[in-house]
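**Q** For reference, the structure I am asking about is given below.
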Amino acid sequence: MDTPVGGDGTHHPVTGANSLDTDGLVGVEPPLTWHISALVRYPLYGLYGVLLAPLPFLARFQGQILGAWLLGLGLMAGFILLYGLLSQRVQANGVGLQVVYPRWVPPWVAQGWSLDWSEIQRIHTRPTGQGGRVHYLVTPAGAGYLIPMRISGFNRLLNTITHHTGLPTQTIKPLAQPWMYAAIGLCVLILLPFDLWLMAATFRG
């Protein structure tokens, strides 16, 4: 997720980038910061919950007490990792741009990156399997860094990139439209009553 890729499209993670913080960009102006949009985060949290939270209760209902505990622990660990992924931050100042995650997120889950404005040569666009497009900041060496597209204030990020690099970004659009996550939220609301009924029925025995 958001790891640099080479000119051949293969991913090349940045060693130690996951531990970057605001000190990674040394400059006189304070960094601008973007977070993943709440319209993205909360529907995904809800979807995780309504799809997986009933599993320990089903195991308990079937008399598999140990299985219920193991599932519960696994779900908590999974939620913590999901929270870490969705805690991604994008930061920019007069020196460059960086993507960072909380320090406790394992590097095999997500790695950040840092790039000086002077290193950005062009923007490369690639189609996705779902019919959308993703965009990379490309260096003279051919390494590409994925522009995060699910953040709140995406247009401001694009304007910042254009301001510091002179590269046009007018044609770049967010990867997913808001209605997609609104639909996920609606599915969560539809499934939630069933989950609550199942949990209550399990406790009633």
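Please treat every number below as a calculation from the coordinates, not as lab data. Keep in mind that this is a model prediction, so the values were computed, not measured. Backbone-built Cβ (ideal geometry, glycine too); neighbour counts: all protein chains shown.
**Q** From the Cα gyration tensor of the stretch 112-155, with a ≥ b ≥ c the square roots of its eigenvalues, which class applies: rounded if a/c is under 1.5, or else prolate if a/b is larger than b/c, or else oblate?
**A** On the way: a/c = 2.34, a/b = 1.36, b/c = 1.72.
Verdict is oblate for the stretch 112-155.
**Q** How high is the FRET efficiency from R156 to R122, r the C-beta distance, R0 22 Å, rounded to 0.05? Before the final figure, lay out the partial values.
**A** Numbers: r = 21 Å, r/R0 = 0.96.
About 0.55, to the nearest 0.05.
**Q** Related question: Does the stretch 139-205 classify as rounded, prolate or oblate by the C-alpha gyration tensor (a ≥ b ≥ c root eigenvalues; a/c under 1.5 gives rounded; else a/b over b/c gives prolate, otherwise oblate)?
**A** Details: a/c = 4.95, a/b = 3.16, b/c = 1.57.
Since a/c reaches 1.5 and a/b is larger than b/c, the shape of the stretch 139-205 is classed as prolate.
**Q** Give me, ordered by chain and number, the residues 5 or more places off I151 or on other chains with an amide H under 5 Å from its own placed amide H.
**A** For I151, the qualifying residues are S37.
**Q** Between A201 and L58, with labels modelled 7 Å along Cα→Cβ, what's the label distance in nm to one decimal, could you check?
**A** Computed distance between label sites A201 and L58 equals 1.2 nm.
**Q** Between S87 and I65, what is 0.36 nm times their sequence separation minus the Cα-Cα distance? Round to one decimal in nm. Working shown, then result.
**A** Values: separation 22, 0.36 × 22 = 7.92 nm, distance 3.31 nm.
4.6 nm is the gain from fully extending S87 to I65.
**Q** Pull out the extension gain between F79 and Y45, defined as 0.36 nm times the separation in residues minus the alpha carbon to alpha carbon distance; nm, one decimal. The partial results should precede the final answer.
**A** Details: separation 34, 0.36 × 34 = 12.24 nm, distance 0.79 nm.
Difference between extended and current length: 11.4 nm.
**Q** Sort out for me the Cα centre separation of the stretch 136-205 from the stretch 67-120, rounded to whole Å.
**A** If we compute the Cα centre of each part, the gap is 14 Å.
**Q** Considering Cα pairs under 8 angstrom that are at least six residues apart, work out the relative contact order of the stretch 132-205 and quote it in whole percent.
**A** Working: 32 pairs, mean separation 17.4, N = 74.
Value for the stretch 132-205: 24 percent.
**Q** What does the charge add up to near Y181, with Lys and Arg as +1, Asp and Glu as -1, over the other residues with Cβ less than 13 Å from its Cβ? Walk me through the numbers on the way to the answer.
**A** Details: positive: R41, R150; negative: none.
Spelling it out: positives minus negatives among the neighbours equals +2.
**Q** Using Cα-Cα distances under 8 Å and only pairs 6 or more residues apart, what relative contact order does the stretch 17-198 have, in percent? Present the calculation step by step, with values, prior to reporting the outcome.
**A** Numbers: 252 pairs, mean separation 49.7, N = 182.
Rounded, it is 27 percent for the stretch 17-198.
**Q** Now, a different point. How much length, in nm to one decimal, is gained on full extension between T171 and C187, taken as 0.36 nm per residue of separation minus their Cα-Cα distance?
**A** Values: separation 16, 0.36 × 16 = 5.76 nm, distance 3.15 nm.
Full extension of this stretch gives 2.6 nm more.
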